[in-house]
Amino acid sequence: MQKLYKPARIGLIFVLIAIMLTIYVPALYRMQIYEARPDEDELYPQVIIPRTIPLIAARGNIYDRNGILLASGRPIYSISIDRDLFVRLSDDKRNSIIQDLVFTTMDENVEYIDTFPITPGAPFTYISNMTQDQRTQLNKYFAYFDALSPDMSASDLLAWMRGHYKIDFTIGITEARLIIGIRYEIEMRAIMSNLPPYVFANDVSTDFISLIEERNMLGVHINSTYVREYHTSNAAHLLGYIGPIPEGQVEKFAELGYPLDAVIGRDGAELAFEEQLRGINGSQLIKTSDTGIVMDVSTITEPEPGQNVYLTLDIGIQAVSEEALSTHIESLNLDREEEFDKITGGAVAVVQVQTGELLAAASYPTFNRATMSQDWPMLSIDPNLPMFNRATQGQYNPGSTFKMITGLTGLRYGVIGRYTPIDDVGVYDLYKDKGYAPSCWIYQLNGVGHGELDIVHAIERSCNYFFISVADWIQGGDAAGAEAIAEVALEFGLGRSTGLEVPENPGVLATPDYARDVLKVGWWRADTLMTGFGQGYNEFTPVQLANYAATIANGGTLHSLTLLRRIMSADMSDMIYEHTPDVLNEFAEKDNIKIIQEGMRLVTSSNAGTAYSIFGDYPVSVAAKTGTVELDASERNNGVFICYAPADNPEIAISIVIEKGGSGSAVMAIARMIFDYYFGTEITSFMVPYGELIP
């Protein structure tokens, strides 16, 4: 039988296989190892998009003098849209992501930011309460595109934008408006380079963050930042608030290293101590694929939190001051039927006598910091100026509280001594033939004067005639006398900055130069006499008046006022600054100061004293001076009051001004309420009958 497989044939097959292996194996090796084609990933590698984001630094806390927390930063989450990534996507993809994001937000009842100034629903119109920023941005948008005209209707603009952003016409116009609003926000950042990055939603919950992350929306990012929280409703003016960098100051803050979207202190302590409170942001590098997958996260620089600021403010005294001020003003206004007759505002300032530390500064009316943004349209047009800090910036004539300055000037120049008598006959008629014959306030009530008084009892009874006479005798009574009086006033810090760190008004010091250079009028002897008993051109702030009272109280040492007690490092481990009293002036004539103190003590302790009705039975000794500021005949007088206590060992000084408050005892009752709190007396304050005239 013949074999199917002959050995020769088998050998030939093996030889052929060996030849083929010899040829093809090296070829395959070369092709696969040395000349291999790139795989699909290498042919189309992923695009890695680096993105540097800020790590927001916490703003420093603000405390009162006793360590009570007044303002702090609360960490929050926000949602932003990455414009750099969005430009890589098709319009369809961008619109789809925005639509998904907006609808998700609306379903969860989360507010988002859309400042596009066209109403969100039909009939589409430009919003009526467009802000200046919205108007500016819209005008820039019109100017950027040649096809647009500022005169076009809102509907025409929406139709153009729908085509510009390639929004599918299967989407209804109302839904298209929602997409357009976000596309507009993103595009405005390209048109106006000075706008901060667009934040879609602020302060969102962790549940909502989880929902957004689950949906994995390309270009939608979660960021962490801080929001300012205030832990008191008091001291709105003193604490101030934070906000975006004002448009005119962008370059200034950019040079200081602030990002465009930084928030800064805009008023009060937030502004005054911005340098200490601000933190320095860090940065983080995030590498993301073009499909939205985060590939790598690395920290470039760590954020540095701000320092902690302790104010001299006592929030308890502040709260009592605000409550007493508002309660008494509102009570008085209830009895005034005519709107023009109502009290429009007032202020209280409380100073620590031995250090110049500001313990409280209340201004009425005030505002609610928590709702300031919502209330702004009304706050900005309120004629009573609730945003205006009357305590540090309001200018008021001092009235009779200025008489101690005239008295001290008279003592300095030797025109009177401690026991020099002046006979108040009611009317100072020495210049009657020249048309000027001022009278004492008591003469207006009963037709007679106070009779013979020395300086101490003239202060006690607030005798106009006495201080008119003294002013007439100082340096001849004319311009030189006015300048001498102004010099003493300046030594008590009146008409100049107190040194406070928050914005303040230096006030006005009545001098012949001021009349000539500012008012463009001459200076007459009558001006000197009016200045002498507290009328005329002088205008001071309540904090100046409180410091003036404190300077008398401590024997003549004028301190620079301060709101800053100390600064601590972010972790509270180091004290960076601690306040020590700063003396601006030391009054030389200590014996003369004691004479003034004696008179101010009688104001409250003597039956004839103008503040006896309020403080005659008070358990703590008080020294004070009342004041009335004569306004236009059609208006009530302003009420002014300064005081300090205890009279024999002073601790705090208070000034109070009430616009159109008259000179009633309600002004003094405010001081009594503050003393009640400070000294912990068991006597509660009460509303005394309103006096028509207490000079």
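The values are calculated or read from the model by the stated rules, or taken from the named source; none is laboratory data. All values reported here derive from a predicted model rather than from experimental measurement. Reconstructed Cβ throughout: ideal geometry from the backbone, glycine too, with neighbour counts over all protein chains shown. The protein model used for the area step is the full one, side chains on, heavy atoms only, and it has no ligands, DNA or RNA in it. Shrake-Rupley method; radii C 1.70, N 1.55, O 1.52, S 1.80 Å.
For the range 542-566, residues that are touching a residue at least 40 places away in the same chain (Cβ under 8 Å), part of a strand (DSSP E or B) and open to solvent by 10 Å² or more (accessible area, probe 1.4 Å) total 4. With the structure loaded, tell me whether SER621 is in a loop (DSSP other than H, G, I, E, B), modelled with pLDDT under 95 and not aliphatic (A, V, I, L, M) or whether it fails that test. Against the criterion (in a loop (DSSP other than H, G, I, E, B), modelled with pLDDT under 95 and not aliphatic (A, V, I, L, M)), SER621 does not qualify. Only a single criterion out of (1) in a strand (DSSP E or B); (2) touching a Phe, Trp or Tyr at 6+ places or on another chain (Cβ under 6 Å); (3) of a type in the set (A, V, I, L, M) is not satisfied by LEU584, namely (2).
Being free of Cβ contacts under 8 Å to residues at least 12 places away in the same chain, more than 35 Å from the chain's Cα centre (by Cα) and open to solvent by 80 Å² or more (accessible area, probe 1.4 Å) holds for only one residue in ASP574, ASP591, and it is ASP591. Which residue pairs have Cβ atoms closer than 7 Å, lie 6 or more positions apart in sequence or on different chains, and pair a first residue in the range 45-69 that is under 29 Å from ILE222 (Cβ atoms) and among the aliphatic types (A, V, I, L, M) with a second residue that is modelled with pLDDT of 90 or more and assigned to a strand (DSSP E or B)? Close Cβ pairs satisfying both conditions: ALA57/GLU304; ALA58/GLY73; ILE62/LEU70; ILE62/ALA71; ILE62/VAL309; ILE62/LEU311; LEU69/TYR63.
Counting only helices (runs of 4 or more DSSP H) that fall entirely inside the range 267-334 and contain at least 2 residues that are without any contact (Cβ under 8 Å) to a residue 24 or more places away in the chain and among the polar types (S, T, N, Q), the qualifying elements are 315-334.
For residues in the range 351-376 being assigned to a helix (DSSP H, G or I) and among the aliphatic types (A, V, I, L, M), which is least open to solvent (accessible area, probe 1.4 Å)? Break it down stepwise before answering.
Taking the range 351-376 as the starting set, the residues that turn out to be assigned to a helix (DSSP H, G or I) are 369-376.
Now drop any that are not among the aliphatic types (A, V, I, L, M), which leaves 370, 372.
Numbers: ALA370: 82, MET372: 28 Å².
So the residue we want is MET372.
Within the option set SER655, SER663, being among the polar types (S, T, N, Q) and modelled with pLDDT under 95 holds for one residue only, SER663.
Go through the residues of the range 124-145 one by one and say whether even a single one is at pLDDT below 90, open to solvent by 70 Å² or more (accessible area, probe 1.4 Å) and touching a helix residue (DSSP H, G or I) at 6+ places or on another chain (Cβ under 6 Å). Looking for residues that are at pLDDT below 90, open to solvent by 70 Å² or more (accessible area, probe 1.4 Å) and touching a helix residue (DSSP H, G or I) at 6+ places or on another chain (Cβ under 6 Å), one finds none in the range 124-145, hence no. ASP382 fulfils the conditions (1) assigned to a loop (DSSP other than H, G, I, E, B); (2) in contact with an Asp or Glu (Cβ under 9 Å, 6 or more places away or on another chain) except for a single criterion, (2). If the condition is being of a type in the set (A, V, I, L, M), open to solvent by less than 40 Å² (accessible area, probe 1.4 Å) and not in a helix (DSSP H, G or I), then the range 446-491 contributes only LEU453. Being polar (S, T, N, Q), in a loop (DSSP other than H, G, I, E, B) and within 15 Å of ILE182 (Cα to Cα) is the filter here, so list the residues in the range 113-165 that pass it. Of everything in the range 113-165, those that are polar (S, T, N, Q), in a loop (DSSP other than H, G, I, E, B) and within 15 Å of ILE182 (Cα to Cα) turn out to be THR115, THR119.
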